[in-house]
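Report on the following structure.
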Amino acid sequence: MSGVAALARGSTGAPAPASPGGPPDVAVLRQRFLDGKAALLAAFAAAPPRIAAVTRLLSALARHVDHTLTTLWQSACLPANAVLVAVGGYGRAELFPASDVDVMILFDTPADAAAAQAAIEHFVALCWDSGLEIGSSVRSIDDCLGEAARDITVQTAVLESRPVCGNTALQRRLQQAMAAATDARAFLRAKTLEMRQRHVKFEGTPYALEPNCKESPGGLRDLQVVIWVARAAGLGHSWRALCAKGLVTPFEARRLHQHEGQLRLIRARLHLVAARREDRLLFDLQTAVAESFGLQATQEQHGSERLMHRYYWAAKAVTQLNEILLLNIEARITGTERAPMQAINARFLDRGGLLEVARDTLYEEEPHAILETFLVLQHTPGLRGLSAATLRALYNARTLMGARFRRDPRNRALFMRILCQPQGQTHALRQMNATSVLGRYLWVFRRIVGRMQHDLFHVYTVDQHILMVLRNVRRFLIPEHAHEYPLCSQLAAGFDPPWVLYVAALFHDVAKGRRGDHSELGAHEVRRFCRAHGIAGPAAVLIEFLVREHLTMSRVAQKEDLYDPEVIGRFAALVGDARTLTALYLLTVADIRGTGPTVWNAWKGKLLEDLYRLTLRALGGAQPDLHAEIEARKQQARELLAERGLPPDCEQSLWQTLDVGYFARHDAEELAWHAQALSAQVGTGAAVVHARRSESGQGLQVLLYVRDQPDLFARICGYFDRHGFSIQDARVHTTRDGFALDTFQVIAPLRDPDDEETSYRLLMRQVQAQALAAIESSAALPEPVRVRVSRRVRSFPETPRVTLAPDERAQRWLLTVTASDRSGLLYAIARVLARHEINLQLAKVTTLGERVEDVFLVDGAALQQPKVQLQIETELLDAIGTPA
């Protein structure tokens, strides 16, 4: 493993010069330390990836450091009233390959420490000269007690400290004094709050695609918190000790040992692969770590996916066991283990707001009570979660949920009741997933728990994405969230029954990771679910349609011309009726929003809303009639112009220069805006650049009216790219008198996000002042700047694809480009088109995370020649390829 030598050398490279007066054998000692560490790491790298191997490595590294520090301590001649104390992971006698070596030099009094200042400095210098990059502090006992009272991290460090060498009695006195000063209840509260804050930093999920195996929810830190709290309460410092105290069962203790060992193994091998301290399972490291485990790719999974699946299962179990243990320890510390409880029914009790099973054997005696747990949680006011006893019972009941359990009519009825409740579906299903019940009941769901999505826009595992989509659908039905997406909330309020949407959300991606079309496979799975759960008739038909077509509305909105009546007619024929359209619209918005925080934007929202309204009109009996539609838009535009105080017929000078395609691709508001901005300029030969804030509220709309030229689109793209604007949409027209009338939807970072109004005003001034000069330049088009791509793009490169085919009328050509996103990509495409004098009619720019799917409507004489067409496609592939 390549990182072994680098880690053994340390990050300092060449040996540091020896300190003046240092021992003569410091160079020898350094070499001995580095060689010893290298031997340990090499042996670990060569050994099979087993828990016993990492356990041996961590303790061996700690002993190796102990021996070196002891030798240096003795060489530095520190006074007899001092002790060298190991803290942090080193204090636990666990050193990972790239972990810090944290030590504290402890004295009885501050005066003792001051008197030994020279010896302390000499010792620290010797450590660095010998290859030990220590983190050190110097404290007295009173210093430690005072700082621990103010800082929980200091208290924690002392709690798990151990003496390395020196006056060990001093360290024992510190431990005794700290134990006497520790308030177990306050310590529990502080560590719980600290843990919650840490979880928030990682979005509260163990399923991040690049998790931190130490700090993320379900990581090693969550296990350490349990031990810290138990030690502070005097309950033990190992899983075996907690088992003896009755806080965990022998089975749970074994599972804790296994999952802790798995996480340690992953972290240790991650350090070796990265050759540095790196606790994040980054995309560009996952494959190498997987290979170090011997995990090779299969037909269905990459090796890295197999590694991450293993990690997620361990992290999920740690999350469950962490919650059980902390609840048990809290009850022991606060004395609430035997507090009175209120009966909910014969099977469940209310333990201070937590749902408690009436007896530990409930699920073994009545397996259907497993699903009833979550139904009771939904409809019982005041319950905020599950008690430790219930969590433990569910953890131990997993083997009860087999095929017979899934086929039991009572369980199927209970699951449908959970979905049909007026509220609480999100919380219930998330709890069911966290406790492994959801995957045990819906076996098809179990296959996607912890499954990564190797693409450039999903940021959650498949199961977390599905539950996020379900949450989004639920939010459409909650009045408190109506301000987020008013149209969705309005439509959802009238949609009955809403559980149809929940089932569709639950199954829309359930077949991800299989060979074949996951939409078709998912439709097959949801059809089986409906038959098994008594869902028939129109509801079953609608659910299956939604799962099969859940990507269609997004594709049409973002890739096709919404102002083409034929596009709307085809989509209306597909959905068939207003109810199906509404359901598909709600699911589509929820799905895109649940993909990742950067995928959804207001422009995509507007495209989907436009498609919804246009299709609804078509479904209402309005037959696609382009001429009538255009006349209606023109009349609406004239009325808007009149409201703005413009004279009658002011639009005619512009409109008479434009063909029907212009009016088909712009709504009435845009027609009025263009006429207002350009009515006085038409016929004068003057060029105009006008910008305004987008109607969606996000980004700018930029209107350009300039003399047409072959490379105009490329120059426009070049300007926007150089100034940090991202083009979301482009509509390009040429007037009868040779002017280009182009409209762009662009997004750019705001200078002051807290003052949007001022920021947008500055952006508009910038565009209007600078764009025209850049566009009218006669200089040759500069080469695209090759920029560094993101780690995610490097790890999951999108295979560049270019297709060029005539449209259905064989009058124009449809150019489709798919590639990894990067700065300057659209400019690179535009340069190729300009080189071959290809005219652009329409551009639909779709960015999905870090993948782009762009569609261009083009024409040009070169496209009629097969050899030239092949050359254009080849040049485009070269232009959009991901840089090395």
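The values are calculated or read from the model by the stated rules, or taken from the named source; none is laboratory data. Everything quoted here is computed from the prediction, not taken from an experiment. Here Cβ is always computed from backbone atoms with ideal geometry, including for glycine, and neighbour counts include all displayed protein chains. In case anyone asks, the SASA skips ligands and DNA or RNA and just uses the protein heavy atoms, side chains included. Shrake-Rupley method; radii C 1.70, N 1.55, O 1.52, S 1.80 Å.
Restricting the range 422-450 to residues that are open to solvent by 40 Å² or more (accessible area, probe 1.4 Å) and not basic (Lys, Arg) leaves a set whose member that is nearest to residue 389 (Cα to Cα) is 434. With respect to being surrounded by fewer than 13 Cβ atoms within 10 Å (Cβ to Cβ), out of contact with any strand residue (DSSP E or B) (no Cβ under 9 Å at 6 or more places or on another chain), part of a helix (DSSP H, G or I) and modelled with pLDDT of 95 or more, residue 520 fits the description. On inspection, residue 528 passes the criterion of being of a type outside the set (Asp, Glu), surrounded by fewer than 16 Cβ atoms within 10 Å (Cβ to Cβ) and not in a loop (DSSP other than H, G, I, E, B). When restricted to residues that are part of a strand (DSSP E or B) and hydrophobic (A, V, I, L, M, F, W, C), the range 812-865 contains 15. Listed by first and then second residue, the pairs linking a residue in the range 230-245 that is within 16 Å of residue 92 (Cα to Cα) to a residue that is open to solvent by 30 Å² or more (accessible area, probe 1.4 Å) and assigned to a loop (DSSP other than H, G, I, E, B), with Cβ atoms under 8 Å apart and 6 or more places separating them unless they lie on different chains, are 230/237; 231/237; 236/245. Taken together, the residues in the range 136-166 that are of a type in the set (Val, Ile, Thr), more than 40 Å from the chain's Cα centre (by Cα), open to solvent by 30 Å² or more (accessible area, probe 1.4 Å) and over 18 Å from residue 124 (Cβ atoms) amount to 0. Going by what's in this entry, would residue 268 be described as hydrophobic (A, V, I, L, M, F, W, C), touching a residue at least 24 places away in the same chain (Cβ under 8 Å) and over 16 Å from residue 209 (Cα atoms)? So residue 268 fits the description; yes.
Of the candidates 658, 581, the single residue that is over 30 Å from the mean Cα position of the chain (by Cα), over 30 Å from residue 208 (Cα atoms) and either at pLDDT 90 or above or not basic (Lys, Arg) (or both) is 658.
The residues on offer are 93, 80, 45, 38, and the sole one that is outside any strand (DSSP E or B) and without any contact (Cβ under 8 Å) to a residue 40 or more places away in the chain is 38.
Rundown of residues vs (1) open to solvent by 20 Å² or more (accessible area, probe 1.4 Å); (2) in contact (Cβ under 8 Å) with a residue 60 or more places away in the chain; (3) under 24 Å from residue 463 (Cβ atoms), yes/no style:
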{"residue": "341", "(1), (2), (3)": "yes, no, no"}
{"residue": "349", "(1), (2), (3)": "yes, no, no"}
{"residue": "371", "(1), (2), (3)": "no, yes, yes"}
{"residue": "381", "(1), (2), (3)": "yes, no, no"}
{"residue": "399", "(1), (2), (3)": "yes, no, yes"}
{"residue": "406", "(1), (2), (3)": "yes, no, yes"}
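If we scan the range 102-109, do we find a residue that is under 30 Å from residue 268 (Cβ atoms), open to solvent by 30 Å² or more (accessible area, probe 1.4 Å), at pLDDT 90 or above and charged (D, E, K, R)? There is at least one residue in the range 102-109 that is under 30 Å from residue 268 (Cβ atoms), open to solvent by 30 Å² or more (accessible area, probe 1.4 Å), at pLDDT 90 or above and charged (D, E, K, R). In the range 662-694, the residue that is nearest to residue 745 (Cα to Cα) out of those that are hydrophobic (A, V, I, L, M, F, W, C) and open to solvent by 30 Å² or more (accessible area, probe 1.4 Å) is 687.
Scanning the range 96-118 for residues that are of a type outside the set (A, V, I, L, M, F, W, C) and part of a strand (DSSP E or B) returns a single hit, 102. Taking the range 198-303 and the helices (runs of 4 or more DSSP H) fully enclosed by it, the elements with 3 or more residues that are open to solvent by 10 Å² or more (accessible area, probe 1.4 Å) and under 25 Å from residue 184 (Cβ atoms) are at 220-232, 239-244, 250-274. Of all residues in the range 460-501, those being of a type outside the set (Val, Ile, Thr), open to solvent by less than 20 Å² (accessible area, probe 1.4 Å) and outside any helix (DSSP H, G or I) number 1. Candidates are the residues of the range 312-331 that are over 21 Å from residue 263 (Cβ atoms) and touching a Leu at 6+ places or on another chain (Cβ under 7 Å); the one that is surrounded by the most Cβ atoms within 10 Å (Cβ to Cβ) is 328. Mind checking which residues of the range 23-72 are open to solvent by 20 Å² or more (accessible area, probe 1.4 Å) and basic (Lys, Arg)? Across the range 23-72, the qualifying residues are 32, 37, 50, 56, 63. Restricting the range 829-871 to residues that are of a type in the set (S, T, N, Q) and more than 21 Å from residue 739 (Cβ to Cβ) leaves a set whose member that is least open to solvent (accessible area, probe 1.4 Å) is 846. Of 572, 539, 583, all but one fail to be surrounded by fewer than 17 Cβ atoms within 10 Å (Cβ to Cβ), out of contact with any Asp or Glu (no Cβ under 7 Å at 6 or more places or on another chain) and of a type in the set (A, V, I, L, M); the exception is 539.
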